[in-house]
Amino acid sequence: MKTHILIAEEKGVRLDKWLSQQSADWSRSLVQQWIEEGHVKVNGEETKSNYKIRLNDEVVIEEPEVQELEVKAENLHLDIIYEDKDVLVVNKPRGMVVHPAPGHPSGTLVNGLMYHCEDLSGINGVIRPGIVHRIDKDTSGLIMVAKNDLAHESLVEQLKNKSTKRRYEALVSGVIPHDKGTIDAPIGRDPDDRQKMTVTEHYSREAVTHFHVMERFERYTHVACELETGRTHQIRAHMKYIGFPIVGDPKYGPRKKHEFPIEGQALHAELLGFVHPRTGEEMVFRAPLPEDMKACLAEAKNK
């Protein structure tokens, strides 16, 4: 791990923007990740990406070592919804990891993409080629992939500008009394469990989820959730926060074993919309509920 000590010679600039200007190797998304993971301290304290630097601030960066993983192309079955020379949309099955990581070196979406096409964007380096956004291992549904750097930059910018459309369906525990609502609550790392996220004002980022009820059962609710922001585990953490955790969620759901026919959380990325990076065309894709989610809904009707 490399340590960098920088002294600010200007003021009023966002920390993430300022840091990305200090080295050609530090993209804004990269330094935002470092800040979120606690690798950056200002005057000895962790802070947020939107912190406005002050003259003579001491900024210390503990630059983590890049774990170079050898990503092997694998002939995996991919449910490709759409593909052209710039973008690709995949319907990811529940249980598939998006990109290789320690403990998951193979069988991931990236391994399959490397086999399927040779022209994935390289902005995120060897570990996550082409990946613009993620969905959790045990969440199913639509994910967009950039096949070149032009597409990657455009799609990332759309995510930052909140202009993409991302709608999920979920089965949650409990009966939500109101038909629709908005959860506007910042999300950050859980101080007691760094593998989890939680609603907190401490080192958190804005997180907004809109939801509406699709169907109510005696003890459960079928909801649609639309993301305005895209924080890690956002829907899972937000639904727990308002008292309606997602069925089957091993991190945020009830500790007692559930009785539904699903491995992981009953959450599916059902709709994905974005503007095509080359043509400017508005594109919207949908993926029907997988069989395990349909089985969960049928089971909820009988409970």
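The values are calculated or read from the model by the stated rules, or taken from the named source; none is laboratory data. Quick caveat: nothing in here was measured; it's all calculated off a predicted structure. In this analysis, Cβ positions are derived from the backbone assuming ideal geometry, glycine residues included, and neighbour counts consider all displayed protein chains. We work out accessible area using only protein heavy atoms, side chains counted, and drop any ligands, DNA or RNA first. Shrake-Rupley method; radii C 1.70, N 1.55, O 1.52, S 1.80 Å.
Working carefully through the options I123, I131, find the one that is open to solvent by 30 Å² or more (accessible area, probe 1.4 Å), more than 19 Å from G264 (Cβ to Cβ) and either modelled with pLDDT of 85 or more or of a type in the set (V, I, T) (or both). Spell out the reasoning first.
On the way: I131 fails: open to solvent by 30 Å² or more (accessible area, probe 1.4 Å).
So the residue among I123, I131 that is open to solvent by 30 Å² or more (accessible area, probe 1.4 Å), more than 19 Å from G264 (Cβ to Cβ) and either modelled with pLDDT of 85 or more or of a type in the set (V, I, T) (or both) is I123.
Determine which single condition I81 fails, assuming it passes every other condition in (1) in a strand (DSSP E or B); (2) surrounded by 18 or more Cβ atoms within 10 Å (Cβ to Cβ); (3) among the aliphatic types (A, V, I, L, M).
(2)
Report yes if G181 is more than 25 Å from F260 (Cβ to Cβ) and not basic (K, R), otherwise no. Show your work before the answer.
Details: more than 25 Å from F260 (Cβ to Cβ): no; not basic (K, R): yes.
For G181, the condition - more than 25 Å from F260 (Cβ to Cβ) and not basic (K, R) - is not met.
Would you mention how many residues in region 64-78 are within 22 Å of the chain's Cα centre (by Cα), surrounded by 12 or more Cβ atoms within 10 Å (Cβ to Cβ) and over 27 Å from I262 (Cα atoms)?
Matching residues across region 64-78 total 3.
E157 passes all but one of (1) touching a residue at least 12 places away in the same chain (Cβ under 8 Å); (2) assigned to a helix (DSSP H, G or I); which number fails?
(1)
Checking the structure you have, find out if any residue of region 137-153 is in a helix (DSSP H, G or I), in contact with a His (Cβ under 9 Å, 6 or more places away or on another chain) and either at pLDDT 95 or above or surrounded by 19 or more Cβ atoms within 10 Å (Cβ to Cβ) (or both).
Step one: of region 137-153, the residues in a helix (DSSP H, G or I) are 149-153.
If we keep only those that are in contact with a His (Cβ under 9 Å, 6 or more places away or on another chain) as well, we get 151.
From the residues that got through so far, the ones that are either at pLDDT 95 or above or surrounded by 19 or more Cβ atoms within 10 Å (Cβ to Cβ) (or both) too are 151.
There is at least one residue in region 137-153 that is in a helix (DSSP H, G or I), in contact with a His (Cβ under 9 Å, 6 or more places away or on another chain) and either at pLDDT 95 or above or surrounded by 19 or more Cβ atoms within 10 Å (Cβ to Cβ) (or both).
Among all residue pairs at least 6 apart or on different chains, which show Cβ distances below 9 Å where the first residue, located in region 89-102, is surrounded by fewer than 19 Cβ atoms within 10 Å (Cβ to Cβ) and part of a loop (DSSP other than H, G, I, E, B) and the second is of a type in the set (G, A, S) and modelled with pLDDT of 95 or more?
P93/S140; G95/S140
Give, as residue ranges, the strands (runs of 3 or more DSSP E) completely inside region 1-63 that count at least 2 residues that are farther than 19 Å from E206 by Cβ and open to solvent by 30 Å² or more (accessible area, probe 1.4 Å). Give the steps one after another, and end with the answer.
On the way: elements: 2-7, 40-42, 58-63.
The qualifying strands (runs of 3 or more DSSP E) are 2-7, 58-63.
For region 250-303, what are the residues that are among the β-branched types (V, I, T), out of contact with any helix residue (DSSP H, G or I) (no Cβ under 7 Å at 6 or more places or on another chain) and part of a strand (DSSP E or B)?
If the condition is that a residue be among the β-branched types (V, I, T), out of contact with any helix residue (DSSP H, G or I) (no Cβ under 7 Å at 6 or more places or on another chain) and part of a strand (DSSP E or B), then V284 is the only one that fits.
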